[in-house]
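The values are calculated or read from the model by the stated rules, or taken from the named source; none is laboratory data. It should be emphasised that the depicted structure is a prediction, and the values quoted were computed from it without experimental measurement. Cβ placement follows ideal geometry from the backbone for every residue including glycine, while neighbour counts extend to all protein chains displayed. To get the accessible areas, we keep the full protein, side chains included, count just its heavy atoms, and leave off ligands, DNA and RNA. Shrake-Rupley method; radii C 1.70, N 1.55, O 1.52, S 1.80 Å.
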Amino acid sequence: MSETLQEKMERLKKEGHTIYSISRLNTFNECKYAYNKTYNEGDRGKDNIYSIAGSSIHDVLENIYNDKATKDDLIKAYEGTMKKCEMFGIKFPTEQIENNWKADMGHFVYNFEKINLRAITEQFILFEILPGIWVQGYIDAIFADSCKLLIIDWKSSSEFKGNKLLEAGRQLALYKLAIEELTGRKVDEVAWFMMKYVYVKYGNKQKMCARRKWVKDISNLLKTDLKKLGTPEFVIPMMIEEAIQNNNLDNMPEEVKTKYKIEDCVLYYDVTEEVINELKEYIFNTVKAIESETEWQPPTIDKNQSFFCNTLCNHRDNCTHIKEYNKQFLEENPVDDIMKLF
């Protein structure tokens, strides 16, 4: 009987191999101190609001695609997690961020529609991407029909821009390489399911919008539509404002309603040879740096970095470095002076 991938991983560990993941490599490049605490000392720290809420939604999505849960369970999980976090004082960085996140994710769960394709969820992968370097991970969902294989990564984060797109794309590129090596079948497409966004489609065009304000984002188009229909000039602003407040087009004429359609935002990523080469170079260089690291110091903490350290880092409650920074910051900026800024 051949060994499973999980059994193979345990054997490799016993043989002295370190099994890496993209998130593990990213942690090292973000903060060596956090890497040491997490992976060398085995201290996972404390989850933040995003990891708690994201995991809750991911778990129900997995069950939905395994026919063990429904949309109602997704709604209950979302509402229950928000209440639980509020009860235990687990907060978003700011009130505005909280309101926006809840509006976007609330729209997602209340309007959820299951993708009508056969799916495999939480597929474990393990393979040797470079000589002596083993990587592992879990793929959120693999959708398949008779002629197409699509890898989906559920994302409750904001859209990726600039370097963030390349960084996030490494995960999808890794999944593609792994499945193709493990199964011998070509992966046709890889994509993120951006839960906080929708595509607004009209004619042969589409616009990516945050769910909470998709109507606001097309308000200029609506204004033009209403003018063309001969709507009285003084009525148009009121109609558009009502649509924005309700975040739907229910109050619009039928000609306008039928023109626009919103769809889930499945954001495809092109895994080119250049992307694959960059991924392998990133993994090789990071593993090499990890193996030679001895000091395990955090990056320089400044005002911008301290925001992440104080609100999102899993080690925010026990990191001596952020505590020292906060102490020094308060000494240099007395509370009375700080409060004058508000």
Query raised in the report: Any idea what angle helix 320-332 forms with the longest principal axis of the chain, computed on alpha-carbon atoms, 0 to 90 degrees, nearest 10?
Result: 60 degrees
Query raised in the report: With axes computed from alpha carbons, what is the tilt in degrees of helix 163-183 against the longest principal axis of the chain, rounded to the nearest 10 within 0 to 90?
Result: 70 degrees
**Report entry** Alpha-carbon centroids, segment 210-283 and segment 13-69: separation in whole Å
**Finding:** 34 Å
Query raised in the report: Measuring from label point to label point, each 7 Å out along Cα→Cβ, what is the L165 to I19 span in nm?
Result: 3.4 nm
Query raised in the report: Over segment 96-232, what relative contact order in percent results from Cα pairs under 8 Å that are six or more residues apart?
Result: 22 percent
Query - Mean separation of Cα contacts under 8 Å, 6 or more apart, over the residue count of segment 178-306: relative contact order % - result: 30 percent
Report summary line: Quick calc, E242 & N29: beta-carbon distance into FRET formula, R0 56 Å, rounding 0.05, result 0.70
**Report entry** Average Cα contact separation per residue, the chain, under 8 Å, 6 or more apart, as relative contact order %
**Finding:** 19 percent
Query raised in the report: Which value in nm describes the separation of the simple spin-label points at Y202 and E331, placed 7 Å from the Cα toward the beta carbon?
Result: 5.8 nm
**Report entry** Set K196/K223; K68/K148; K46/K84; K91/K323; K91/K196; K37/K161 screened for pairs whose C-alpha atoms are more than 22 Å apart
**Finding:** K196/K223; K68/K148; K37/K161
**Report entry** Mean shadow area of segment 175-259 over all directions, Cα convex hull, nm²
**Finding:** 7.3 nm²
Query raised in the report: Residues of the chain: accessible area per residue at 1.4 Å, in Å²?
Result: 58 Å²
Query raised in the report: Of the peptides 249-257, 172-180, how do they stack up when ordered by the mean number of other Cβ atoms within 10 Å, highest first?
Result: 172-180, 249-257
Query raised in the report: In degrees, nearest 10, range 0 to 90: what is the angle between the Cα axis of helix 95-110 and the longest Cα principal axis of the chain?
Result: 80 degrees
Report task. At 0.36 nm per residue, minus the direct Cα-Cα distance, what do N318 and N40 gain on full extension? Give it in nm, one decimal, please. Result -> 98.5 nm
Query raised in the report: If you count, for each residue, the other Cβ atoms within 10 Å and average over each peptide, how do 53-61, 213-221, 182-190 line up from highest to lowest?
Result: 53-61, 213-221, 182-190
Query raised in the report: Can you list the lysines whose alpha carbon is less than 26 Å from that of K228, not counting same-chain residues fewer than 8 positions off?
Result: K201, K205, K207, K213, K216, K257, K259, K261
Requested in this report: Compute the Cα gyration tensor for the chain, then decide on rounded, prolate or oblate, letting a ≥ b ≥ c be the square roots of its eigenvalues: rounded whenever a/c is under 1.5, prolate when a/b is larger than b/c in the other cases, and oblate in all that remain.
Outcome: oblate
Query raised in the report: So what is the 222 nm mean residue ellipticity for the chain from helices alone, if each DSSP H run of at least 4 adds -39500 (n - 2.57) and you divide by all residues, rounding to the nearest 500 deg cm²/dmol?
Result: -15000 deg cm²/dmol
Query raised in the report: When the chain is fully extended, how far beyond the present Cα-Cα distance does E79 get from V266, taking 0.36 nm per residue of separation?
Result: 64.9 nm
**Report entry** Inter-label distance for D302 and F284, nm, one decimal - labels placed 7 Å from Cα along Cα-to-Cβ
**Finding:** 3.2 nm
Requested in this report: Keeping the other protein chains in place, figure out the carbon and sulfur percent of the accessible area of the chain, with a 1.4 Å probe.
Outcome: 49 percent
